[in-house]
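See structure below.
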Amino acid sequence: MVCGSLLGAVYGEHVLPTDWLAALEGTDLIGELADDIVRELVDPPTEPDAWGGAITEWFDRYPGS
């Protein structure tokens, strides 16, 4: 599973066999998390929150982090 995740992250999920993708659980959540990571790296907020770190939107989206 880890190998498939790394291949998908590097080359995109289209390179993985469809039966592998069909057997996965939580693909929507994983895709959303991956999109959020890319958004944070490519287009980070211009002004940090009051604590000087990640914007509070992340804390609302991912409570307990």
Next item on the list: Go through the residues of region 44-57 one by one and say whether even a single one is of a type in the set (A, V, I, L, M, F, W, C), modelled with pLDDT of 75 or more and out of contact with any Cys (no Cβ under 7 Å at 6 or more places or on another chain).
Entry: no
Margin query: Restricting to region 1-22, name every residue that is exposed (fewer than 10 other Cβ atoms within 10 Å of the Cβ), aliphatic (A, V, I, L, M) and modelled with pLDDT of 80 or more.
Written below: 10, 22
Notebook entry, point to check: Among all residue pairs at least 6 apart or on different chains, which show Cβ distances below 8 Å where the first residue, located in region 1-29, is of a type in the set (Ser, Thr, Tyr) and the second is surrounded by 10 or more Cβ atoms within 10 Å (Cβ to Cβ)?
Noted result: 27/21
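The values are calculated or read from the model by the stated rules, or taken from the named source; none is laboratory data. The structure presented is a predicted model; accordingly, all values stated were derived computationally and were not measured. Cβ atoms come from the backbone with ideal geometry, glycine included; neighbour counts cover every protein chain shown.
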